[in-house]
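Reviewing the structure listed below.
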C-alpha cells in the first residue's frame, strides 16, 4: 500500500511543475517503474485518481514505462533480463543463482504534461 504515499509525492511534484511553468492543468504524468521496485503498476492510476480530486491534476492520465530487472551473473558474467516477476531468478546462460542486480528497482517521474 506504499503506492499511496508514492503517488502523493508524484501529485505534489506534478502540481509544482505546473505552477512553476504557468500550467493550469496537469494532463498526463509518465512514470518509469522498475519491476523490482515493489510498486504495483495496476494500483498507481486508481490511487492517483482518488488523491488528485479537486486539484489541477484531476483526470490526468498516468503513463507507465516498465523498467525490466537486469542481472549480471557472478559466475559467467552474462546479463539476464526479466520482464516479469518470478519465483526465482537465474542466469539465462549458465543457470546460476549468483546474480547481481544492475537495474529494475527504481521509480522515476519521466515527464509531466501540462496545459
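Read the figures in this text as sums done on the coordinates, not as results from a lab. Just so it is clear, the structure is predicted and the values come from calculations on it, not from any experiment. Cβ coordinates were reconstructed from backbone atoms using ideal geometry, including for glycine residues, and neighbour counts include every protein chain displayed.
Kindly list the number of the only condition in (1) surrounded by 14 or more Cβ atoms within 10 Å (Cβ to Cβ); (2) free of Cβ contacts under 8 Å to residues at least 60 places away in the same chain; (3) not in a loop (DSSP other than H, G, I, E, B) that fails for residue 5.
Going through (1) surrounded by 14 or more Cβ atoms within 10 Å (Cβ to Cβ); (2) free of Cβ contacts under 8 Å to residues at least 60 places away in the same chain; (3) not in a loop (DSSP other than H, G, I, E, B) one by one, residue 5 breaks only (1).
So, in segment 78-96, how many residues would count as being closer than 30 Å to residue 42 by Cα, without any contact (Cβ under 8 Å) to a residue 24 or more places away in the chain and assigned to a loop (DSSP other than H, G, I, E, B)? Reasoning before the result, please.
Of segment 78-96, the ones closer than 30 Å to residue 42 by Cα are 79-92.
This time we only want the ones that are without any contact (Cβ under 8 Å) to a residue 24 or more places away in the chain, so: 79-81, 86-92.
Filter once more, so that each one left must be assigned to a loop (DSSP other than H, G, I, E, B): 86-92.
Of the residues in that region, 7 qualify.
Only one of (1) touching a residue at least 60 places away in the same chain (Cβ under 8 Å); (2) out of contact with any helix residue (DSSP H, G or I) (no Cβ under 8 Å at 6 or more places or on another chain); (3) within 18 Å of residue 3 (Cα to Cα); (4) not in a loop (DSSP other than H, G, I, E, B) fails for residue 65. Which number is that?
Residue 65 satisfies all of (1) touching a residue at least 60 places away in the same chain (Cβ under 8 Å); (2) out of contact with any helix residue (DSSP H, G or I) (no Cβ under 8 Å at 6 or more places or on another chain); (3) within 18 Å of residue 3 (Cα to Cα); (4) not in a loop (DSSP other than H, G, I, E, B) except (1).
When you check residue 112 against the structure, is it in contact with a strand residue (DSSP E or B) (Cβ under 8 Å, 6 or more places away or on another chain), part of a strand (DSSP E or B), closer than 21 Å to residue 12 by Cα and touching a residue at least 40 places away in the same chain (Cβ under 8 Å), yes or no?
Answer is yes for this residue.
Looking for whichever is in contact (Cβ under 8 Å) with a residue 60 or more places away in the chain and in a loop (DSSP other than H, G, I, E, B) here; the options are 24, 75, 32, 28. Which one fits?
24
Here is a yes/no grid of residues against (1) more than 12 Å from the chain's Cα centre (by Cα); (2) crowded, with 18+ Cβ neighbours inside 10 Å:
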{"residue": "59", "(1), (2)": "yes, no"}
{"residue": "65", "(1), (2)": "no, no"}
{"residue": "71", "(1), (2)": "yes, yes"}
{"residue": "75", "(1), (2)": "yes, no"}
{"residue": "92", "(1), (2)": "yes, no"}
{"residue": "105", "(1), (2)": "no, no"}
